[in-house]
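**Q** I'd like to ask you about the structure that follows.
The values are calculated or read from the model by the stated rules, or taken from the named source; none is laboratory data. Values in this document were obtained by computation on a predicted structure and should not be read as measured data. In this analysis, Cβ positions are derived from the backbone assuming ideal geometry, glycine residues included, and neighbour counts consider all displayed protein chains. Each accessible area value is taken on the protein alone, full model and side chains, heavy atoms only, with ligands, DNA and RNA left out. Shrake-Rupley method; radii C 1.70, N 1.55, O 1.52, S 1.80 Å.
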Amino acid sequence: ATTTAQLEALGITIADNCTADADLVVSHSDAASGTCPLSITRTYTVKDACDNEATVVHTINVNDTTAPQITGTIPESTVEGCDATAANMPAPATTTAQLEALGITIADNCTADADLVVSHSDAASGTCPLIIARTYTVKDACDNEATVVHTINVDDTTAPLITGTIPESTVEGCDATAANM
């Protein structure tokens, strides 16, 4: 507020015994503290024509309650392997840039992308393929968070390898049942 009318519109009444409301000078100073919420203590000073002044404080809490926005989905991946360790090839994303390289877009209304915190957890199910649901959590400076899931199929598609040959055998018998001896 820069006028007494604007200041009174905030819910207070201002009166001076000698100076008309329209001639009173309104100024303010801000002092900020904390985060999430950021608390601003705005002190208004109202000065009359004789430099007499009075103050009133307005506390303003600025709070970010909006989670980061994740747009898109991470395409399902299939990797060759025998167990969950194969899902770490390549290693899980640890930054928003790495996570966005997987095919999604991340934005936050208050926290810069580089300052968002990325973490993940894995949940495994099934066999052949082993399905890993890798849940990425993106957290902003005010601990608001959003998640996205990357499904990784770990599949063993390699047949057993047999080397060498079995030598031919000769057995005594009259029919194919002799081969079971």
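**Q** State all residues of region 127-170 that are open to solvent by less than 70 Å² (accessible area, probe 1.4 Å) and of a type in the set (Val, Ile, Thr); if no residue qualifies, say none.
**A** Matches in region 127-170: ILE131, ILE132, THR135, THR137, VAL138, VAL148, THR151, ILE152, VAL154.
**Q** Pick from ASP156, ASP143: which is among the charged types (D, E, K, R), in contact with an Asp or Glu (Cβ under 8 Å, 6 or more places away or on another chain) and touching a residue at least 60 places away in the same chain (Cβ under 8 Å)?
**A** Working: ASP143 fails: in contact with an Asp or Glu (Cβ under 8 Å, 6 or more places away or on another chain).
ASP156 is the lone residue from the list that is among the charged types (D, E, K, R), in contact with an Asp or Glu (Cβ under 8 Å, 6 or more places away or on another chain) and touching a residue at least 60 places away in the same chain (Cβ under 8 Å).
**Q** Return the pair list, or none, for Cβ contacts closer than 7 Å from residues in region 69-90 that are farther than 16 Å from ILE131 by Cα to residues that are outside any loop (DSSP other than H, G, I, E, B) and of a type in the set (Val, Ile, Thr), at least 6 apart or on different chains.
**A** Partner pairs satisfying both residue conditions: ILE70/ILE106; ILE70/VAL138; ILE70/VAL148; THR71/THR105; GLY72/THR105.
**Q** Another one. Looking at (1) open to solvent by 60 Å² or more (accessible area, probe 1.4 Å); (2) within 30 Å of CYS82 (Cα to Cα); (3) out of contact with any strand residue (DSSP E or B) (no Cβ under 8 Å at 6 or more places or on another chain); (4) in contact (Cβ under 8 Å) with a residue 12 or more places away in the chain, can you tell me which one GLY103 breaks?
**A** Condition not satisfied by GLY103: (1).
**Q** I'm trying to understand the selection: among the residues of region 1-29, which are open to solvent by 80 Å² or more (accessible area, probe 1.4 Å) and outside any loop (DSSP other than H, G, I, E, B)?
**A** Of everything in region 1-29, those that are open to solvent by 80 Å² or more (accessible area, probe 1.4 Å) and outside any loop (DSSP other than H, G, I, E, B) turn out to be GLN6, ALA22, ASP23, VAL25, HIS28.
**Q** For region 65-83, check the following and say yes or no: at least one residue is in contact with a strand residue (DSSP E or B) (Cβ under 6 Å, 6 or more places away or on another chain), open to solvent by 30 Å² or more (accessible area, probe 1.4 Å), closer than 22 Å to THR35 by Cβ and of a type in the set (Val, Ile, Thr).
**A** Checked against the condition, which is being in contact with a strand residue (DSSP E or B) (Cβ under 6 Å, 6 or more places away or on another chain), open to solvent by 30 Å² or more (accessible area, probe 1.4 Å), closer than 22 Å to THR35 by Cβ and of a type in the set (Val, Ile, Thr), region 65-83 yields no hits at all.
**Q** From the list VAL79, VAL56, exactly one residue is in a strand (DSSP E or B), under 30 Å from THR158 (Cα atoms) and of a type in the set (Val, Ile, Thr). Which is it? Steps first, answer last, please.
**A** Working: VAL56 fails: under 30 Å from THR158 (Cα atoms).
From the options VAL79, VAL56, the qualifying one is VAL79.
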